[in-house]
């Protein structure tokens, strides 16, 4: 359940330590960041929170020597919206819209994880029909999320055109979502015990049309135009190398870990929603152009994963076609009230392993505690290690390749 | 005296010479400045449309027919926008910097020949003048970066200084080859040397040595006007906006104008040096009755090169600083120096080029390139029509 941490243990703090007085927490106390500890050649560059390519409101302090970054320190928390505290004050179904707002680029994955966690807590098993719908939605969302990740990554490197080609296809996915549940960004779709709306008439045909276009045009074009571009490869293939051991030590998950060549994918390893029935392969970085685990490999894993997700969607649509239409949200009573207990459930969100730890006290209709293990938060924790010694331009390439969404880091 | 001067002498008999000379200088200057100041409106519109075409979208559409007035609206907006001065900026340098950048971009136009007599000044050191004047804008960029008192602006300024200093050397080296062949620095002489149609252009002389020289010059001049893939001084994903981070309103518009003017300047210089300048590809097309078509041909060539610059910008990612230096010093410079030496030797040994060998390559190569381009465009249009039908179905 908890991931093992390798590497040296942190030094024990000296003197009294309170929550508000942790050594190294405040910038003037951190070693090497005080004004008198900075070399005359060095300069502190404050990147963000309003910067075009820090993926939202991330702020990074860079200690730079010319173009070279000597040290980097990310500051998070600009988008903190008290998700976990809010969850204690609404009932179980009421948490779903809040989960949507964590990773706002991939809302379907968030609410799916939450719904599955509560269902596990209550011991509910949803019908195969709902499971197939959930898989279709989750995988379409994964494609949409990766188009943003790969597209903006190209834009960070300076290639503008692939981004718009990919957004064109993301629009089609969002159209499908809008058609189904009325929302384009924050869906409130995966409810406890089902989904909010059944698929509309004709959805399967439209989704197939989209997949045909995506697989025949957009994906090959992306591989030609961006991934295979020599400048792109030169910029990314030898930057931000995460050895597999380092990735495990810092608890990277999802495409970030798979970029280091590890085939860890919860859809294969701990299948949920009937993922064991689908034929797909886990995409990993291959290190074709440089050391394994570089920015290029993480991006490569994402780019290939889009095609694999398209395959899963296509199989799930096949399965849906064979099934009878069933009721999608009458499984649970209006007032969801699990008995006393706790549960941890993790699923493979587009950005990695998203875990929900839910405690029910058995008395109220609200969760006693909801804790989220966010993939972006752990991905951010490796940033300062990788950033050392890079160029300023590489810092941008590094953030983009970790594909963090600040809404999920800060919650 | 220029053609305009002689014309004025006829129109204003009995006027003092100084007035005629002053008018003869003023009229082309006003014409050129108007052309250059309004040119960016056209180029920005072209850029948005070309970018739209490449990115499978429409581009400006609402303001005026086909969005033609969009850039005008943007320009008016920039003119009326408040220019904000940072509190800690050096006001004098802050205002002076964009002026210097624009000046550097505009001054090169003085020597560009638009026809046998349509030229503001035929300096006998024309090429040298262009090189010297175009580096003036670097001073403006550094000044802007320093005066803004902003770390990003400073980074942009230092990058632009490093970049332009590095890329000017291969650019000048490849110019040197042309100058050795022609034996003159005057741009008018260089054009006159290429008389006789497309096969006589300097691009095809000592085939394919000068083609390589042209590519080196074009790459280096892309870097000199800070266009992608060499736009690191203003890399928006890294340095927010680089040297013009703190500029707004009209001062920002001036940087913008300078960038687009520099694009057309380097394209015009490249056309003059390698593509025959104002000469037509077929001598028969040089005149339309009494009207010389020189400016049309020069602009056609320059605009084609501008199109190539835009094409590259919307296709390629950006290089990193060290890779940029690598390209300049370890790739372009050795090629350019070798070319300069080899062509210098060939000029002594074979002063008239490779003769027939040079002549036969011009037309097939040019037509081949244009056929390929046309094929690409036709395919793209077909594809988009096909997609529209598919979506309608």
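Bear in mind that the values in this text are calculations on the coordinates, not laboratory data. Predicted, not measured: the structure shown is a model, and the values here were computed from it. Here the Cβ positions follow ideal geometry from the backbone for every residue, glycine too, while neighbour counts run over all protein chains shown.
Classified by the C-alpha gyration tensor, segment A:214-281 has an oblate form. Its axis ratio a/c, with a ≥ b ≥ c, is 1.5 or above, and a/b does not exceed b/c. A helix-only calculation puts chain A at -13000 deg cm²/dmol for mean residue ellipticity at 222 nm, using -39500 (n - 2.57) for each DSSP H run of at least four residues, averaged over all residues.
In segment B:181-267 the Cα-Cα distances spread across 5 Å bins starting at 0 as 3, 12, 15, 18, 15, 10, 9, 8, 8, 2, 0 percent of all pairs. Which of B:343, B:291, B:169 moves most in a GNM of chain B, Cα contacts under 10 Å? Maximum fluctuation in the GNM of chain B, among the listed residues, is at B:291. With a ≥ b ≥ c taken as the square roots of the eigenvalues of the C-alpha gyration tensor of segment A:95-183, please select rounded if a/c is under 1.5 and otherwise prolate if a/b is larger than b/c or oblate if it is not? Prolate is the answer for segment A:95-183, as a/c is 1.5 or above and a/b outweighs b/c. Gain on full extension, evaluated as 0.36 nm per residue between residue B:304 and residue B:69 minus their Cα-Cα distance, stands at 82.4 nm. A simple spin-label model places the labels of residue B:19 and residue B:57 5.7 nm from each other, with each point 7 Å out along Cα-to-Cβ. Spin-label pair residue B:357-residue B:192: with each label point 7 Å from Cα along the Cα-Cβ axis, the two points sit 2.9 nm from one another. The mean sequence separation of alpha-carbon pairs under 8 Å and at least six residues apart, normalised by the residue count of segment B:55-152, gives a relative contact order of 31 percent. At a Förster radius of 35 Å, what calculated FRET efficiency corresponds to the Cβ-Cβ distance of residue B:139 and residue B:42, to the nearest 0.05? Once the sixth-power term is evaluated, E becomes 0.80. Normalised by 2.2 N^0.38 Å, where N is the number of residues, the alpha-carbon radius of gyration of chain B equals 1.04. Taking the C-alpha atoms only, the angle from helix A:107-122 to the longest principal axis of chain A is near 60 degrees. Relative to the dominant Cα principal axis of chain A, helix A:203-213 is inclined by about 40°. Taking chain A as the reference, fit the longest principal axis to its C-alpha atoms, fit the long axis of helix A:161-181 to the helix C-alpha atoms, and give the angle between the two in degrees, 0 to 90, nearest 10. Orientation of helix A:161-181: about 30 degrees from the principal axis. Where the centroid of each part is defined by its Cα atoms, how far is segment B:317-393 from segment A:107-164 in Å? Here the two parts' Cα centres lie 44 Å apart. Remark: the Cα gyration tensor places segment A:359-411 in the prolate category, a/c being 1.5 or greater and a/b exceeding b/c. Note: relative contact order over segment A:83-375, using C-alpha pairs below 8 Å and six or more positions apart, is 27 percent.
Placing a label point 7 Å from the Cα of residue B:34 along the Cα-to-Cβ direction, none of the residues of segment B:256-295 has a backbone N under 13 Å of that point. Calculated FRET efficiency, residue A:183 to residue A:91, Cβ-Cβ distance, R0 = 22 Å: about 0.60 to the nearest 0.05. Per-residue ellipticity at 222 nm, computed for chain B from helices alone with -39500 (n - 2.57) per DSSP H run of at least four residues, works out to -22500 deg cm²/dmol. Mean partner shielding of peptide B:319-327, defined as the number of other chain Cβ atoms within 10 Å of each residue Cβ, is 4. The distance linking segment B:151-208 with segment B:209-254 is 17 Å (Cα centroid to Cα centroid, whole angstrom). Calculated on the Cα set of segment A:83-375, radius of gyration then Dmax: 19.1, 61 Å.
Full extension of the segment from residue B:165 to residue B:389, taken as 0.36 nm per residue of separation minus the current Cα-Cα distance, would add 75.5 nm.
On the basis of the beta-carbon distance and an R0 of 30 Å, residue A:50 and residue B:96 show a calculated FRET efficiency of 0.60.
Per the Kirkwood formula applied to alpha carbons, the protein assembly as shown shows a radius of gyration over Rh ratio, Rg over Rh, of 1.04. Computed over chain B with a Gaussian network model linking Cα atoms closer than 10 Å, the most mobile of B:82, B:262, B:246 is B:82.
In the elastic network of chain A, a GNM with C-alpha springs shorter than 10 Å, the most mobile of A:337, A:85, A:322 is A:322. Centre-to-centre separation between the Cα atoms of segment A:397-411 and those of segment A:339-358: 20 Å. Across chain B, Cα pairs under 8 Å and at least six residues apart give a relative contact order of 20 percent.
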